[in-house]
Amino acid sequence: MATDTRLPARPRGTRDRNDRIRRLLTHIGLIGFGLIMLYPLLWMLSSSFKPTAEIFREPGLIPWNFTPENYSEGWNALQYPFHHYLLNSAIVVGGSIVGNLIGCSMAAYAFARLEFRGKRLFFAIMLATIMLPIHVVIVPQYILFAELDWINTFYPVIVPKLLATDGFFIFLMVQFIRGLPRDLDEAARIDGCGHVRIFLRIILPLSMPALATTAIFTFIWTWNDFFSQLIFLTRPDMYTVPVALRTFVDSSSQTSWGPLFAMSVVALGPVFGFFLAGQRYLVKGIATTGIK
């Protein structure tokens with residue numbers, strides 16, 4: 001006679017208790033990891049309210065000698081008020097966003113919907129540019145822009161965006177447009193629409209998640225870009241926020257750490273605001289372009 005060797009099932013209360021403990025430990029681990037990631041930001045925020053002499057002497061998060069003067073001092077510490085550099089960054093970021101939205105969307109439509117000779121080759125070359133470091137192309141770019149007399153103008157950091165030079169965003173939009181039904185194009189073509197009207201009336205309105213993702217990433221990357229703006233914008237009146245923050249650090253004399261941290265907090269405000277405002281579109285855009 002066969003015997004039942006199966007282990008008895010655990011009581012439901014025990015399973016529920018184990019699940020609650022597991023979820024609790026998971027949440028504790030995530031909260032701890034989040035605090036570790038946020039600590040540098042919290043430390044910078046705290047240090048922006050400390051006197052410079054106490055920032056490294058008392059590295060805790062609580063500013064015992066609370067002083068908001070770092071913000072007023074940092075705002076007027078450089079050759080121009082800090083809002084001047086914020087305006088310069090806003091001009092560069094605004095032009096870059098418009099350039100990427102126009103240039104990359106047009107290139108993506110061509111790769112996703114048009115048929116032309118060498119399409120696969122050009123698409124492969126475009127993908128290869130994603131892996132190309134900026135340090136490889138910065139010297140030829142500088143020589144070209146110097147010949148055009150564009151150094152110390154905003155043209156070198158804005159005009160290339162209109163020429164669809166960011167392969168990542170082209171690829172992002174190509175993946176999104178390929179997921180749109182071609183029946184919409186065929187129906188529009190029957191109604192007499194050409195490629196221009198199909199692109200403007202159908203593809204662009206349906207590509208809002210991908211366009212929003214492109215705008216958000218362009219804003220963050222351009223706002224934080226230091227290297228190219230340092231190379232092309234060398235006059236103090238043309239400095240953007242990253243380059244202006246660098247001038248707070250003086251290798252020959254004492255660095256004003258308090259005002260530097262205060263203006264760094266100010267510089268982070270637009271990034272957080274823009275990200276939070278477009279977070280819903282960012283998540284939707286990444287989800288709809290990644291699951292293909």
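The values are calculated or read from the model by the stated rules, or taken from the named source; none is laboratory data. This structure is a prediction, so every number in the text was calculated from the model and none was measured. Virtual Cβ from ideal backbone geometry, glycine too; neighbours counted across all protein chains shown. Accessible surface is based on the protein model in full, side chains and every heavy atom, while ligands, DNA and RNA are left aside. Shrake-Rupley method; radii C 1.70, N 1.55, O 1.52, S 1.80 Å.
Yes or no: ASP225 of a type in the set (Asp, Glu), modelled with pLDDT of 90 or more and either over 17 Å from the mean Cα position of the chain (by Cα) or buried (at least 16 other Cβ atoms within 10 Å of the Cβ) (or both)? In short, yes.
Of all residues in the stretch 204-227, those that are under 16 Å from SER89 (Cβ atoms) have Cβ atoms under 7 Å from Cβ atoms of residues that are open to solvent by 40 Å² or more (accessible area, probe 1.4 Å) and among the aliphatic types (A, V, I, L, M), 6 or more apart or on another chain, in ALA215/LEU101; PHE227/ILE134.
Restricting attention to the stretch 59-79, and to residues there that are among the small types (Gly, Ala, Ser) and closer than 14 Å to TRP257 by Cβ, which single residue is modelled with the highest pLDDT? Before you say what the answer is, go through the steps one by one.
Just the residues of the stretch 59-79 that are among the small types (Gly, Ala, Ser), to begin with: 60, 72, 74, 77.
The next check asks that each one be closer than 14 Å to TRP257 by Cβ; those that pass are 74, 77.
Numbers: GLY74: 88, ALA77: 85.
The residue in question is GLY74.
Suppose we keep only residues that are touching a Pro at 6+ places or on another chain (Cβ under 9 Å) and of a type in the set (Phe, Trp, Tyr) within the stretch 68-84. Which one would you say is surrounded by the most Cβ atoms within 10 Å (Cβ to Cβ)? The extreme case among them is TYR71.
Across the stretch 121-150, what is the number of residues that are more than 13 Å from GLY167 (Cα to Cα) and aliphatic (A, V, I, L, M)?
Keep residues of the stretch 121-150 that are more than 13 Å from GLY167 (Cα to Cα), which gives 121, 135-150.
Within this subset, residues satisfying the condition of being aliphatic (A, V, I, L, M) are 121, 136-139, 143-144, 146, 148.
Final tally of qualifying residues: 9.
Reported count of residues in the stretch 176-204, each being assigned to a loop (DSSP other than H, G, I, E, B) and either on the phi < 0 side of the Ramachandran plot or at pLDDT 90 or above (or both), is 6.
State yes or no: is TYR109 within 30 Å of VAL249 (Cβ to Cβ) and either surrounded by fewer than 17 Cβ atoms within 10 Å (Cβ to Cβ) or touching a residue at least 60 places away in the same chain (Cβ under 8 Å) (or both)?
On the way: within 30 Å of VAL249 (Cβ to Cβ): no; either surrounded by fewer than 17 Cβ atoms within 10 Å (Cβ to Cβ) or touching a residue at least 60 places away in the same chain (Cβ under 8 Å) (or both): yes.
In short, no.
Among the residues of the stretch 34-49, those identified as in contact with a Phe, Trp or Tyr (Cβ under 8 Å, 6 or more places away or on another chain) and open to solvent by less than 40 Å² (accessible area, probe 1.4 Å) are MET44, SER47, SER48. With LEU200, LEU172, LEU148, LEU162 as the choices, which residue is open to solvent by 70 Å² or more (accessible area, probe 1.4 Å) and either within 19 Å of THR218 (Cα to Cα) or hydroxyl-bearing (Ser, Thr, Tyr) (or both)? On inspection, the qualifying residue turns out to be LEU162. THR129 meets the conditions (1) closer than 24 Å to LEU230 by Cα; (2) of a type outside the set (Asp, Glu); (3) in contact with a Ser or Thr (Cβ under 7 Å, 6 or more places away or on another chain) in every case but one. The failed one is (3). Scanning the stretch 41-68 for residues that are over 30 Å from the mean Cα position of the chain (by Cα) and either part of a helix (DSSP H, G or I) or within 15 Å of VAL266 (Cα to Cα) (or both) returns THR52, ALA53, GLU54.
Among the listed residues ASP149, ASP166, which satisfies the condition of being among the acidic types (Asp, Glu) and closer than 20 Å to PRO209 by Cβ?
ASP166
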